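Chemist: My questions will all concern the structure given below.
The values are calculated or read from the model by the stated rules, or taken from the named source; none is laboratory data. Small disclaimer: the values here were computed from a predicted structure and weren't measured. Note: ideal-geometry Cβ built from the backbone for every residue, glycine included; neighbour counts use all protein chains shown. For accessibility, only protein heavy atoms count, side chains too; no ligands or nucleic acids. Shrake-Rupley method; radii C 1.70, N 1.55, O 1.52, S 1.80 Å.
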Amino acid sequence: MGRRADTTSAAAPPGRPAKVKAPPGLRALRRRRGARTVAFLSPWLIGFAVFFAYPLGATVYYSFTHYDLINPPQWVGLRNWRYVFEDYPPLGKALRNTLWLVAVMVPLRVLFGLGVGMIAVRLKRGASLFRTLCYLPFLAPPVAATIGFVFLLNPATGPVDQIMDTLHIPNVGWFNDPAWAKPALAMLAVWGIGDLMVIFIAALVDVPREQYEAASLDGAGPWQRFRYVTWPSITPVVLFALVTGVIQTMQYYTQAMVAGKVASGIIGAPGQSFEPGYPQGSTLTLPQLVYQEGFSSFDTGVACVLSLLLFGIAMLATVLLMRRRAGFMTAED
Amino acid sequence: MHRPRFRRLTASIAVAATAALLATSCAGGSGGGTGADEDINKKVTIKFWHGWSQESEVKAINDLIAKFNTTHPNIKVEATPNVNDDKLTQGVRSSKGPDVVSSFTTDNVGQFCSSGGWVDLAPFVTKSGLDPAKTFPKATLDYTQFQGKRCALPFLADAYGLYYNKDMFTAAGITSPPKTMSEFKADAVKLQQLNADGSIKVAGVMPTFHGYEFTPAHVLAQWGPTYVGADGKSNLASTPQAAQMLTYQKELVEALGGFEKLEKFRAGFGEEFSAQNPFQAGQVAMQLDGEWRTASIAEDSPTLNYGTAPLPVPDDQADSYGRGYLTGTVIGIAKSSHHQAAAWEFIKFLTTDTDAVNSFAATIHNVPTTFAALDSTPLAGDEHFKPFLEVFKNPASNSTPASLNGGKYQVTFQEFCYAWEAGRVPDLKSGLAGVDKQIDTDTAQAKP
């Protein structure tokens, strides 16, 4: 046995190929390559450590402490977790609202984004103007857009209800009515589907034209062309829109908070105590609770529990969607 | 699109976005803590965070600072306006936070004191020879300390009372402001004006709990609540006041057209702190409000013919007429301060200098908070302001007690009141018992 035999591990289990020690030159080369790889990855690694790993670790740690942001944290075990899951009524409201927004607002945004994208692709004249007009609302700052919607939908003075009055349609309270506040927020979200429209236009123009021609020759109608040509081609984009939509909805904060403040008339000025979720908790979401507990009540432990819960739900929803991707993919995918 | 790469991309976006949800990472800040023995003749700059925001108020604060500098030229004061309590506490934990802090929310004094975010003023008070009991009225001393620790001093106060439109009173044949709750309801009904379609044109009063200052705490003060029993537990259900107030409020709402009709009318109100305030705009005939409204009316609605009076009291407590809800601005030294002695000099000037207190109170129309200033305030000659001075001096006037977790108990009670007025509480007694249980649970959670 030559040199190779000397490098063979004597403890190699039977039935497995013996590990072979690389020559010193090769090992040095591998080390250099490894170091270079790490060096190239270092911006991401540093970012991951600073902006993800450390905050995640700190959040887990603080969730087991009593920490008011002023005094050092004190270990309290599972107290914060028990409080949130056993004695914290806003959690149920926030979860129900978030679920509603995910189940209604996300699909509506995807449907409208796709619909507007399909119209934009098919338009022969005025397509640029149409695309611009549909995209513009997306550029409106969320706070300004929300204030605008609260004004438009004001049940006493808003033009929408005045038109409804003229048409003898029963008025609704919109942002002042717990039954209508979430639908009003969904309308606001659908109004700003410019981002999804652009993505869907890109996906739709990517569908090979010859497939449509072949389908037409085979006698396929509009629905069949959509079902068997368009849909298989754009499903990855639909999946992308759903996943990012779910994650964005989990973080839903600004619009709900602004709408609540403007519609209630209590803007949280010095001396005023504003309760998020107006009216009657119907627009309360988990991120609002995180802020409320963390930076109004200064109960960092509870805020961290809520953050971890939010993280867990977002991850679970993402994993489920990714696992169900088969429903969005064709056989050859 | 390449599917595996697409999936990796989507998964990466998912992880990155969910990571953003965790941006609540925290690191403790270090405080200053120079103490009462620091040399006050040192040249320093101190930061003063306060909540006043209107142009006239900010100017009044700056005038006070200029006056302070005539006697303390070595202490430069940098004032930051429009700071609410959230921002304030976030600043206090920073090593570069404010030195002098003030808040309009006396409910939060318990949190400020117990957390140590606002330092104990006892060493400063002792060193300067100030006798709080001889300087400030008892009510203000009560809401500026928590469990024996004085971490704040009163810097002007607010008293709540009734504003009424005299022209509307005359038109409705009402000759004097109501003194009892039954008179209040009868007058409100008489003052209400409807449009041809039955909607409200002018409300007698806006009695829903989002009706600006018509909050549960402000209204309940007329019944003389205690909120906390001798055992330290919430007693909203075991004492009669809260149930009586809520029952009365529901009757008042029904008498004025019902919750939905009133809420629809309220949705058309202008901003509270503007000339579009519903009382100033003639949308309501009566309004529960603080004394500061007199300044806004003088500035924005000088032709409004109105009067002021104490808010009515329950019929069975008629002898307590004259009481009202009290609160005020509290001021203290932040833990973050690196110049606590200089900060104290500024606070002492703002809170005890009679000229300073009176000039600022007269400018922003707040109630002065020292005995000396109360005796000499020019506001006593203002017919609109005088009733608020009387409410402030009334021994039956009251405030909401300080608690370990600030105003959280008020928010819990307030949310219950919103549910109640919307008809979502089937049983008032058991509902209030649930509120008590929640408040006690939240208080226990706030303990270290």
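Chemist: For region A:84-158, what does the convex hull of the Cα positions come to per residue, in cubic angstrom?
Modeler: Taking the convex hull of the Cα positions in region A:84-158, it is 141 Å³ per residue.
Chemist: Consider a paramagnetic label point 7 Å from the Cα of B:Glu299 along Cα→Cβ; state which residues of region B:386-401 have an amide N under 19 Å from it.
Modeler: B:386
Chemist: Keeping every protein chain in place, order B:Val228, B:Val435 by accessible area at 1.4 Å, biggest value first, i.e. largest first.
Modeler: Numbers: B:Val228 70, B:Val435 10 Å².
Order by accessible area, largest first: B:Val228, B:Val435.
Chemist: Okay, moving on. Cα extents of region B:365-421 along the three principal axes, largest first, in whole Å?
Modeler: Each principal axis gives a Cα extent; for region B:365-421 these are 43, 28, 20 Å.
Chemist: Can you tell me how region B:148-293 classifies by the Cα gyration tensor, rounded, prolate or oblate, using a/c under 1.5 as the rounded cut?
Modeler: Note, shape of region B:148-293 comes out prolate.
Chemist: Further, regarding this structure: Note down the accessible area of A:Leu217, probe 1.4 Å, to the nearest 10 Å².
Modeler: The value for A:Leu217 is about 150 Å².
Chemist: Let me ask something else. Project the alpha carbons of the protein assembly as shown onto their principal axes and report the range along each, largest first, in whole Å.
Modeler: Extents along the principal axes: 107, 73, 50 Å.
Chemist: Restricting the calculation to Cα positions, tell me the Rg (one decimal) and the Dmax (whole number) of region B:176-246 in Å.
Modeler: Cα-based Rg and Dmax for region B:176-246 come out at 15.8, 55 Å.
Chemist: What is the calculated FRET efficiency for B:Glu78 to A:Ala140, with r their C-beta to C-beta distance and R₀ = 30 Å, to the nearest 0.05?
Modeler: 0.25
Chemist: Here is a follow-up. Could you give log10 I(q)/I(0) at q = 0.14, 0.21, 0.24 Å⁻¹ for region B:328-368, computed by the Debye formula over C-alpha point scatterers of equal weight, without solvent?
Modeler: Treating every Cα as an identical point scatterer, log10 I(q)/I(0) equals -0.36, -0.69, -0.81.
Chemist: Once R0 is set to 22 Å, what does the formula 1/(1 + (r/R0)^6) return for the Cβ-Cβ distance between B:Thr126 and B:Thr71, expressed as a FRET efficiency to the nearest 0.05?
Modeler: Once the sixth-power term is evaluated, E becomes 0.50.
Chemist: May I pose another question? Hey, what D do you get for chain A in µm²/s if you plug the Kirkwood alpha-carbon radius into Stokes-Einstein at 25 °C and 0.890 mPa s?
Modeler: 100 µm²/s
Chemist: Do the sum for the protein assembly as shown: with -39,500 (n - 2.57) for every DSSP H run of n ≥ 4, divided by all residues, what is the mean residue ellipticity at 222 nm, to the nearest 500 deg cm²/dmol?
Modeler: -15000 deg cm²/dmol
Chemist: With a 1.4 Å probe and every protein chain left in place, tell me how much accessible area A:Arg32 has, in Å² to the nearest 10.
Modeler: Approximately 150 Å² of A:Arg32 is accessible to the 1.4 Å probe.
Chemist: Order B:Phe385, B:Phe371, A:Phe151, most accessible first, counting only protein heavy atoms with a 1.4 angstrom probe.
Modeler: A:Phe151, B:Phe371, B:Phe385
Chemist: Here's something else I'd like to know. Tally Lys and Arg at +1 and Asp and Glu at -1 over the other residues with C-beta under 12 Å from the C-beta of B:Ala433: what net charge comes out?
Modeler: Every neighbour counted, the sum reads 0.
Chemist: I've got another one for you. Quick one: with all protein chains in place, what share of the accessible area of region A:32-142 is carbon or sulfur, to the nearest percent (1.4 Å probe)? Don't skip to the answer; put the middle values down first.
Modeler: Numbers: 4910 of 6820 Å².
Heavy-atom surface of region A:32-142 belonging to carbon and sulfur, 1.4 Å probe: 72 percent.
Chemist: Using a cut-off of 11 Å between beta-carbons, work out the net charge of the residues near A:Gly294 (Lys and Arg +1, Asp and Glu -1, A:Gly294 not included). Walk me through the numbers before you get to the answer.
Modeler: Values: positive: none; negative: A:Asp68, A:Glu293, A:Asp299, B:Asp86.
Charge balance near A:Gly294 sits at -4.
Chemist: Sort B:Met181, A:Met118 from largest to smallest accessible area, using a 1.4 Å probe on the heavy atoms of the protein chains.
Modeler: Per-residue accessible area, sorted high to low, gives A:Met118, B:Met181.
Chemist: With viscosity set to 0.692 mPa s and temperature to 37 °C, compute the Stokes-Einstein D of region A:20-79, Rh being the Kirkwood radius across alpha carbon pairs; µm²/s, no decimals.
Modeler: So the translational diffusion coefficient is about 219 µm²/s.
Chemist: Rounded to the nearest 10 Å², what accessible area does A:Glu213 show when all protein chains are kept and the probe is 1.4 Å?
Modeler: Number for this one is 110 Å².
Chemist: Given points 7 Å out from each Cα along the Cα-Cβ axis, report the A:Lys21 to B:Ala186 separation in nanometres with one decimal.
Modeler: Modelled inter-label distance: 10.6 nm.
Chemist: What ³J(HN,Hα) values, in whole Hz, does the Karplus curve 6.51 cos²θ - 1.76 cosθ + 1.60 give for region A:277-283 when θ = phi - 60°, with x put for Gly and Pro?
Modeler: Couplings: x, 4, x, 6, x, 6, 10 Hz.
Chemist: In addition: Amide H of A:Thr65: which non-local residues (sequence gap of 5 or more, or other chain) have their own amide H closer than 5 Å, using H built in the peptide plane?
Modeler: A:Val76
Chemist: Using only protein heavy atoms and a 1.4 angstrom probe, determine the accessible area buried between B and A, summed over both sides, in Å² to the nearest 100.
Modeler: 5600 Å²
Chemist: With θ set to phi - 60° and the Karplus curve 6.51 cos²θ - 1.76 cosθ + 1.60, what are the ³J(HN,Hα) couplings of region B:179-194 in order, to the nearest whole Hz, using x for Gly and Pro?
Modeler: Result, rounded to whole Hz: 10, 10, 5, 5, 5, 4, 5, 4, 5, 4, 5, 5, 7, 5, 10, 10.
Chemist: Using alpha carbon centroids, what distance separates region B:166-199 and region B:234-285, in Å?
Modeler: With region B:166-199 and region B:234-285 each reduced to a Cα centre, they are spaced 15 Å.
Chemist: If you don't mind, there's one more thing I want to ask. If you build a Gaussian network model of chain B, linking Cα atoms that sit under 10 Å apart, which residue out of B:Ile174, B:Ile333, B:Ile75 swings the most?
Modeler: In this elastic network of chain B, the residue with the biggest mean-square fluctuation among B:Ile174, B:Ile333, B:Ile75 is B:Ile174.
Chemist: If you average the C-alpha positions of region B:291-335 and of region B:203-217 separately, how far apart do those two centres end up, in angstrom?
Modeler: Comparing the Cα centres of region B:291-335 and region B:203-217, I get a distance of 14 Å.
Chemist: By how many nm would the segment from A:Met322 to A:Thr37 lengthen if fully extended, with 0.36 nm per residue of separation less the alpha-carbon distance?
Modeler: The span from A:Met322 to A:Thr37 would gain 99.7 nm if fully extended.
Chemist: Once you have a ≥ b ≥ c as the square roots of the Cα gyration tensor eigenvalues for chain B, tell me rounded if a/c is under 1.5, and otherwise prolate or oblate according to whether a/b is larger than b/c.
Modeler: Cα axes put chain B in the oblate bin.
Chemist: How large is the accessible surface per residue of region B:159-320, computed with a 1.4 Å probe and reported in Å² as a whole number?
Modeler: 37 Å²
Chemist: Quick one: net charge around A:Leu217, please, counting Lys, Arg +1 and Asp, Glu -1 for every other residue with C-beta under 14 Å from its C-beta.
Modeler: Spelling it out: positives minus negatives among the neighbours equals -1.
Chemist: Search the structure for amide H atoms under 5 Å from the amide H of B:Leu156, placed 1.01 Å from N in the peptide plane, and list their residues when 5 or more places away or on another chain.
Modeler: B:Thr369
Chemist: In a Gaussian network model over chain A where Cα atoms closer than 10 Å are linked, find which of A:Gly294, A:Gly245, A:Gly115 has the largest mean-square fluctuation.
Modeler: Fluctuation is largest for A:Gly115.
Chemist: OK, next. Once you order the gyration tensor axes a ≥ b ≥ c over the Cα atoms, which shape class does region A:77-202 get: rounded for a/c under 1.5, otherwise prolate or oblate by comparing a/b with b/c?
Modeler: Oblate, because a/c is 1.5 or more while a/b does not exceed b/c.
Chemist: Which ³J(HN,Hα) values in Hz, rounded to whole numbers, follow from the phi angles of region B:242-253 under the Karplus curve 6.51 cos²θ - 1.76 cosθ + 1.60, where θ = phi - 60° and Gly and Pro get x?
Modeler: Using θ = phi - 60°, the values come out as 5, 5, 5, 4, 5, 5, 4, 4, 5, 5, 5, 4 Hz.
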